[in-house]
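Visitor: The structure's right below; bear with me while I get my questions together.
The values are calculated or read from the model by the stated rules, or taken from the named source; none is laboratory data. None of the values given here were measured: they were computed from a predicted structure. Only protein heavy atoms, including side chains, enter the accessible area calculation; ligands, DNA and RNA are left aside. Shrake-Rupley method; radii C 1.70, N 1.55, O 1.52, S 1.80 Å.
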Amino acid sequence: MSKVQISRFQIIIALVWSILGTAIVTIPYVIAQFTVRDGWISSLLFPVGGLLSATVAALFLYSFPNRSLTLGLIDALGPWLGRVFGVWFLVWLYLINCTTLREGAEFVGTTILPKTPIYLIGFAGAIGFSYAVYLGAEVVMRNCEFITPLALLVAPVLLALSIQHMDIHNMMPVLADGWQPVLRGAAEPDLTFALELLIALQFAQALRNSRTLPRDMVIATGIITIVGTIIMVYTISVLGQSSTYLTFPVLEIVRSVRVGDKLERLDTLYVMGVMSTTLIKLSLFHYAWCEGMKDIFKLTSYRIVALSGGLFLWAGSIACFRSEGEMERFIISVGPSYFVVTLVGVPLMAVIVMPFRRRAKQRAES
């Protein structure tokens, strides 16, 4: 990966799209399970998790300059124990990719391909992102750059057309039920989606200047917070309490957009956007997984596991979750603690251990 040169702009938009790729579908539904009127406040708390991620990244890069997370674990904990924790991280990456692929397949199956088996939809997606990863990180980043201007053109139009259905009274009264539902609704975004920003540590070697990565993560956090809050405001003001019972609230908002008798069913644009951003997230995370496999198992190239790993991931997306309900329980109940241990606990453990390892090495040399 060291030969790849990723710019600051590319890593920022890659992080933004990788989070929004599934957040735009999942977060409105998850927050609505705890609070509806004050859901927009929950989304405003996203920077708490984003700043935590940036802090962990800053500490890690200070101890391991220009080293990926898997290589940093090996440096700090040694070739055996470091690889054990590296495998723990790779298992987390695998499960997250399985969840993302299953979410994407369920979304496509529900919206546009209701008669197509989920495993066929997932297989088509796995072939797509695996091939992108096989071509290299440049292709993954170019995909992020390609979709950005399209989103900047389409999203404002859809939001402007849906203003006619907004009712600000659905957001009143503010904090009528206190802060507890707001904080419970914010736990999922802050402890899962915000911590996913730390996937950027796996790309530290490929960045032109890894020291700016924490600042780039803060910028990405700001963008995601603004977009997420706008989405929640629209969801609450348009759908109101009904958002609690809708699996895809944003899709229902887009479906309600009509201009006269000629312009309707704009949800096709939304579905295409979700499919594109989901594939971007899968590509980014799968590339990180392949690079981690290369580091942990001393492979000559990450491409060895790019295609076969994609098929392995597709099989896991079917085998790990027998139903959509199981997947939702994993995301809401298991996800937060699992993310904190893996993305905060493991890197900080390496940061704490590294000074002692350096001192021991210096004493051995002297």
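Visitor: Share of the stretch 49-130's accessible area from carbon and sulfur, percent, 1.4 Å?
Guide: 76
Visitor: With 10 Å bins from zero, work out the P(r) of the stretch 1-89 over every alpha carbon pair and list the percent per bin.
Guide: The percentages, shortest bin first, are 13, 30, 32, 19, 5, 0.
Visitor: Enumerate lysine pairs in the chain that are 8 or more residues apart or on different chains, then count those whose Cα atoms are under 26 Å apart.
Guide: The result is 7.
Visitor: A further question follows. What list of ³J(HN,Hα) couplings, whole Hz, do you get for the stretch 306-313 from phi and the Karplus terms 6.51, -1.76, 1.60, once you set θ to phi - 60° and write x for glycine and proline?
Guide: Coupling constants for the stretch 306-313: 5, 7, 5, x, x, 5, 4, 5 Hz.
Visitor: Shifting gears a bit: Any idea of the accessible area per residue across the chain, 1.4 Å probe, to the nearest Å²?
Guide: I get 45 Å² per residue for the chain.
Visitor: Taking the Cα centre of each part, how many Å lie between the stretch 70-84 and the stretch 16-55?
Guide: 32
Visitor: Computing the accessible area with a 1.4 Å probe over protein heavy atoms, can you report the carbon and sulfur percentage for the stretch 197-345?
Guide: With neighbouring chains kept in place, the figure for the stretch 197-345 is 64 percent.
Visitor: Would you pull out the residues with amide H under 5 Å of Ile6's amide H, same chain only if 5 or more places away, H placed 1.01 Å from N?
Guide: Leu207, Arg208
Visitor: Could I ask something else about it? Stokes-Einstein at 4 °C, 1.567 mPa s, Kirkwood radius from Cα pairs: D for the chain in µm² s⁻¹?
Guide: Estimated via Stokes-Einstein, D reaches 61 µm²/s.
Visitor: With the convex hull built on the Cα atoms of the stretch 150-288, state its orientation-averaged projected area in nm².
Guide: Mean shadow area of the hull around the Cα atoms is 10.5 nm².
Visitor: Looking only at Cα atoms, what is the convex hull volume of the stretch 6-152 per residue, in Å³?
Guide: Spread over its residues, the Cα hull of the stretch 6-152 gives 166 Å³ apiece.
Visitor: Another question, if that's okay. Which of Ser53, Ser130, Ser333 moves the most in a Gaussian network model of the chain with Cα springs under 10 Å?
Guide: In the Gaussian network model the winner is Ser333.
Visitor: Right, something else. So how much accessible area does Cys98 have, in Å² to the nearest 10, using a 1.4 Å probe?
Guide: Surface accessible to solvent at Cys98 totals approximately 0 Å².
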